[in-house]
Amino acid sequence: MNWFTKTFTSTIGRKVIVALTGLFLCLFLVVHLLGNLQLLANDGGKSFNTYAKFMAESPLIRVVSIGNFAFILLHIIQSVILTMQNRQARPVQYAIVASNASWASRNMGFLGSFILLFIVGHLSQFWWQAKFGAMPTIAIDGVQMKDLYLVVHKAFQNPFIVVFYVLAMGFIGFHLSHGFQSAFQTLGLNHVKYTPLIQKLGLAFCILIPLGYAVIPVMMYLRSM
Amino acid sequence: MNLTLKVWRQKNANSKGELKTYHVKDISPDMSFLEMFDVLNEELLLKGEDPIAFDHDCREGICGMCSMYINGHPHGPEQTTTCQLHMRSFKDGDTIVVEPWRAKAFPVVKDLVVDRSAFDRIIQAGGYISVNTGNAPDANEIPISKEVADAAFNAATCIGCGACVAACKNASAMLFVSAKVAQLSMLPQGQIERKRRVEQMVAKMDEEGFGACTNTGACAAECPKEISLANIAILNREYLIAKATSEYV
Amino acid sequence: MKLDAKIPEGPLAEKWNKHKFNLKLVNPANKRKYEVIVVGTGLAGASAAASLAELGYNVKAFCFQDSPRRAHSIAAQGGINAAKNYQNDGDSVYRLFYDTIKGGDYRAREANVYRLAEVSVNIIDQCVAQGVPFAREYGGLLANRSFGGAQVSRTFYARGQTGQQLLLGAYSAMSRQIAAGKVKMYPRTEMLDLVVHDGKARGIITRNLITGKIERHSAHAVLLCTGGYGNVFFLSTNAMGSNATAAWRAHKKGALFGNPCFTQIHPTCIPVTGDHQSKLTLMSESLRNDGRVWVPKQAGDTRPPYEIPEDERDYFLERKYPSFGNLVPRDVASRNAKYVCDEGRGVGASKLAVYLDFADAIKREGEATIRAKYGNLFDMYEKITGENPYKTPMRIYPAVHYTMGGLWVDYNLMTTIPGLYALGEANFSDHGANRLGASALMQGLADGYFIIPYTLGDYLANIGWNDKISTDHPAFTEAEQAVKHQISTLLSINGKKTVDQFHKELGKIMWDYCGMSRNAEGLKGAKQKIRELREEYWQNVRVGGSNEELNITLEKATRVADFLELSELMVDDALHREESCGGHFREEYQTPDGEALRNDEKFAYVAAWEYKGPNEQAVVHKEDLIFENVKLTQRSYK
């Protein structure tokens, strides 16, 4: 192995990959949320559909989204390898465990697995549909485009789907509650002056972002009633 | 006070162990936890049974030899060493479950005794400053700010007991390794070997079969010497910088 | 037997330099042909193993703990002395030498102590270079404090954990040599005998504490760095595993034992709470800087401390020693605490304690200031006793802490067996009848880092690398057989009393009759009692299990067997030394106002005892102490 592979197959190296990809995904969450909040614009989907069209056609976004998928994959692969290594590090379990650590920090794998499940569902419901499915179309300002807004609107008339989404956002919130600040720690960014700030930011992030996402299906459901 | 103990008994490294139940009577709240074990062992010996093997030495909280996992916590419910845990932390009639440290890198030797030589091997991999006896300049030749000296001291107070590994759900040794790396990387004397040290110590840590740190903080919460989690961030940073910039390929 | 201390000729200040030049050297290329055994990995052992390996010798190091880092040096709190004079307060090598000789009540060798003071400065340099985080001033330079009543600030410290930091420094140096393959480390391995052939030390017999395997190790020289024998008393501030076995078995093989009765009893320990007590915990004596020691005036006063009015309290140290007050030396403070308890004025449930009261200091300086000074000690006290010392006075009582006696060594640290050396607390050499605070760490590291690397080379160069015997040699076979025989005997007795029960009984005898104050009648009785107890031990001790396993009782049993012999020698020594000096206080020899009365005419010598066989009377040899540089005076703290 050369130094590079050695670095990124070490425990710290793998963690760094998880942290870096995790932070990128945090950034993605922000951008994705900003775009999706247009679903609440109350303009019959005009701004949202325009945005969706731009996203689908921009070559830059295409590159970024491939990167995004790759990072999700990397995040998962490294986490799974680490989890397996970590299990092997304690072949015999304790009879009693009374840990002082937070619940989320001890259950990132479980949270992550549920989030993966959600992502698969979410993608097949909207992304797959928009890309490969039979989509209704709409003309906005004389331009014919796919009416993704309608698909979303329909989906969120189903209370089960709304509950599923809200629940998933809860899981993401817990995942972030540990993941956000943990990523900084893994990257070695710990300082008496700035760490308290990062922790506060992490707390705000893990509450506000999932909340922002959860508002969308709830609002759309309420409006459709 | 009267107590029920469930203690891990295992004849040797190769045999299977199990929790066995013992009852101890008339325990004074002033006793230390290990003295309670002394009492039990004296009884067992007179009954012709094998006393429970456990590690201990200084019994004043500094040698780091004692290592019992008590009711789900390394060193028990207080943030201290097992030898400094006193029976007044328990109530009459309590059931106390006592297990050895559990980690692949800390195999059980007998009963509650585990082999922690992996820690020694990590130090041997680089946890030192290479200075032969007699080579030292005057002690005051290199001033070190009080803040740095104090921070280095705080990291250096690690007693190598392994409670961090025992507490961590991943059996990770990062707090132990980071304490030594942080101490030596802060001091001017430690600069020369700074990169090589962290690379070699982390490689050794991985080779010994410890898990990875997932920043749960359980280690620092249980550490009897209150070694800070910030050291792990320092270790991560030192490692990444070393890997990116050192001359060792 | 003629004892030759091999003290170099010439003026005191030049002896060591001259001697170093006169010592023979081993050619660098030949060093790898020599093997050296180091038993014990505390400050002396770890520093010696590291330094010798750095020179190129092949070292085998042994410790009974699971890691060399756990040796009991780690528990030393206060600090380490060095004559650096960084504080510009008039310290010098000569002053450190003088203080140590005087503090030892003139029962140590001038030349050794001077050398100790001389190399003390190198120790600090070495430790700082290793990354030992000593306390520093804001300007970045090293901080010092005054310790144990010294008139200058020469004590270097790392908060209350100086021993830990120094040991980890030596341990790291040794770890580096283990990685380099120059030190082979044997943890969880206990030395059970010394192999002597042709009058020279040739190796050791050990027991692997995990498998029980008895093993033979051969070498050109053996270094015993095995600490003191305070655990003879069962209760002491020593670690549970600290033992005298290596030193004692070497003694039985011909190494003389120096001044065995010189034990130091430390005044500020947390008192015993009951029969279950397994060890005693020391609290730094710096507490006496602000705490006031008192007991009720009335014997049998059972009121809680806050109900006892000021005029019914006896601040006995301040009363008896108006000028030094609560800061009298360790031996004086300890003895006086014992006296008031003997009068029935002790406090607490056991009545074996005196108060150390911080109420005045807290009133004067505020709780915050006191917390800043002693916070960690107060916390430790509260953890152990469950009492809050900010609210109620601490209870303290003296406890055995250090043994100044040990294997007799010459100026080269060699015992009377050629090739066998003793370093650190295991030897008798530098502290006389009483050790000063912060000097134990200094001596351990001086011996290991800066003395043995020179003096050992001289011996090895003289004998040559061919002068070594193989482990198949009959001398090894014989020693191994004896060890195996002792173990199988202990395992086969299967009596009714446990090892700890015997150990506690022995401890009580020693504490009562050979502890803080001693008299001829008590000592004679103690000798008889020890002999009876020893006899009973070999008929009625119970050691369960087998040899071929981790057997915690068997480990203790071999150690206690040795304590049962060593204790008698301590009593013999205490009985023969008809004077009071330092830690040895004979009630028959005191000044009219109850202070220690030395007899320099008759007893200015080292008593080096020779073993004559089981239950035979040991024979004393005398090494006269010649004081050419200091004038012998009586200590006074009035």
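Translational diffusion coefficient of the protein assembly as shown (Stokes-Einstein, Kirkwood radius from Cα pairs, 10 °C, 1.306 mPa s): 50 µm²/s. With R₀ fixed at 45 Å, the C-beta to C-beta distance from B:Glu49 to C:Asp198 puts the FRET efficiency at about 0.45.
The loop-placed trypsin sites (Lys or Arg not before Pro) in the stretch C:156-251, going by DSSP, that have at most 13 neighbouring Cβ atoms within 10 Å of their Cβ come out as C:Lys213.
With the simple spin-label model, which puts each label point 7 Å out from Cα in the Cβ direction, the C:Ala520 to A:Val143 separation comes to 11.7 nm. Once the convex hull of all Cα atoms in the stretch C:391-543 is built, its volume per residue stands at 205 Å³. When only the Cβ of Lys, Arg, Asp and Glu is charged (+1, +1, -1, -1), the dipole of the stretch C:86-136 relative to its Cα centre reaches about 120 debye. Using the Cβ-Cβ distance between C:Glu367 and C:Gln298 with R0 set to 22 Å, the FRET efficiency from 1/(1 + (r/R0)^6) comes to roughly 0.15. Eigen-decomposition of the gyration tensor built on the alpha-carbon atoms of the stretch B:3-110 gives equivalent ellipsoid semi-axes of 20, 18, 13 angstrom, largest listed first. Per residue, chain C exposes an accessible area of 34 Å² to a 1.4 Å probe, with every protein chain left in place. Of the residues in the stretch A:1-50, those shielded by at least 10 Å² of accessible area once partner protein chains are present, compared with the chain alone at a 1.4 Å probe, are A:Trp3, A:Lys6, A:Thr7, A:Ser10, A:Thr11, A:Ile12, A:Lys15, A:Val16.
When its C-alpha radius of gyration is set against 2.2 N^0.38 Å (N residues), the stretch B:116-245 gives a value of 1.04. Taking a ≥ b ≥ c as the square roots of the eigenvalues of the alpha carbon gyration tensor, the stretch C:268-398 is rounded, as a/c is under 1.5. Would you work out what percent of the accessible area of the stretch B:116-245, with all protein chains in place, is carbon or sulfur (probe 1.4 Å)? After summing per-atom areas, the C and S share lands at 51 percent.
Taking Cα centre as origin and charging only the Cβ of basic (Lys, Arg, +1) and acidic (Asp, Glu, -1) residues, the dipole magnitude of the stretch A:3-224 rounds to 580 debye. Cα-based radius of gyration for the stretch C:474-605, normalised by 2.2 N^0.38 Å, reads 1.32.
Restricting to DSSP loop positions (anything but H, G, I, E, B) with no more than 10 other Cβ atoms inside 10 Å of their own Cβ, which trypsin sites (Lys or Arg not before Pro) remain in the stretch B:86-145?
B:Lys91
Where does the Debye-calculated log10 I(q)/I(0) of chain B sit at q = 0.10, 0.15, 0.16 Å⁻¹, using only Cα point scatterers of equal weight, no solvent? Calculated log10 I(q)/I(0) at the listed q: -0.54, -1.02, -1.12. Return the residues of the stretch B:225-249 for which accessible area with all protein chains present is lower than in the chain on its own by 20 Å² or more; set the probe to 1.4 Å and exclude ligands, DNA and RNA. Correct list: B:Ala230, B:Ala233, B:Asn236, B:Arg237, B:Tyr239, B:Leu240, B:Lys243, B:Val249. A Förster radius of 45 Å combined with the Cβ-Cβ distance from C:Glu9 to C:Ala180 puts the calculated FRET efficiency at roughly 0.70.
Tell me, what is a quarter of the convex hull surface for the C-alpha atoms of the stretch A:171-225, in nm² with one decimal?
3.9 nm²
For B:Lys25, a cut-off of 22 angstrom between C-alpha atoms picks up these lysines, skipping any fewer than 8 places away in its own chain: B:Lys6, B:Lys47, B:Lys91, C:Lys279, C:Lys496, C:Lys497, C:Lys504.
Scaling the Cα radius of gyration of the stretch A:3-224 by the globular reference 2.2 N^0.38 Å produces a ratio of 1.15. Accessible surface buried at the B:A interface totals approximately 3200 Å², computed with a 1.4 Å probe on protein heavy atoms.
Interface burial in the stretch A:67-99, defined as at least 20 Å² less accessible area with all protein chains than with the chain alone at a 1.4 Å probe, covers A:Asn86, A:Gln88, A:Ala89, A:Arg90, A:Pro91, A:Val92, A:Tyr94, A:Ala95, A:Ile96, A:Ala98.
In this Cβ point-charge picture (+1 for Lys and Arg, -1 for Asp and Glu), the protein assembly as shown has a dipole of about 3040 debye about its Cα centre. Volume per residue for the stretch C:53-105 equals 187 cubic angstrom (convex hull of Cα atoms). Counting Cα-Cα pairs of chain C in 20 Å increments starting at 0 gives whole-percent bin shares of 20, 55, 24, 1.
Considering Cα pairs under 8 angstrom that are at least six residues apart, work out the relative contact order of chain C and quote it in whole percent. Contact order relative to length: 20 percent. Here each label is just a point 7 Å from Cα along the line to Cβ, and for A:Leu203 and C:Glu628 those points are 7.4 nm apart.
Computed with a 1.4 angstrom probe on protein heavy atoms, the C-B interface buries about 6100 square angstrom of accessible area in total.
Computed over every Cα-Cα pair of the stretch B:156-200 and binned at 10 Å starting from 0, the pair-distance distribution P(r) comes out as 28, 45, 25, 3 percent.
For the stretch B:1-98, carbon and sulfur atoms together expose 46% of the accessible surface, with a 1.4 angstrom probe and every protein chain in place. Across the accessible surface of the stretch A:85-209, with the other protein chains kept in place and a 1.4 Å probe, carbon and sulfur atoms take up 69 percent.
Return the Rg/Rh ratio of the stretch B:1-61 with Cα-based radii and a Kirkwood Rh. My calculation of the ratio gives 0.98.
The values are calculated or read from the model by the stated rules, or taken from the named source; none is laboratory data. Not measured: the values here are computed from a predicted model. Every residue, glycine among them, receives a Cβ derived from its backbone with ideal geometry; neighbour counts consider all protein chains shown. Heavy atoms of the whole protein, side chains included, go into the accessibility calculation; ligands, DNA and RNA do not. Shrake-Rupley method; radii C 1.70, N 1.55, O 1.52, S 1.80 Å.
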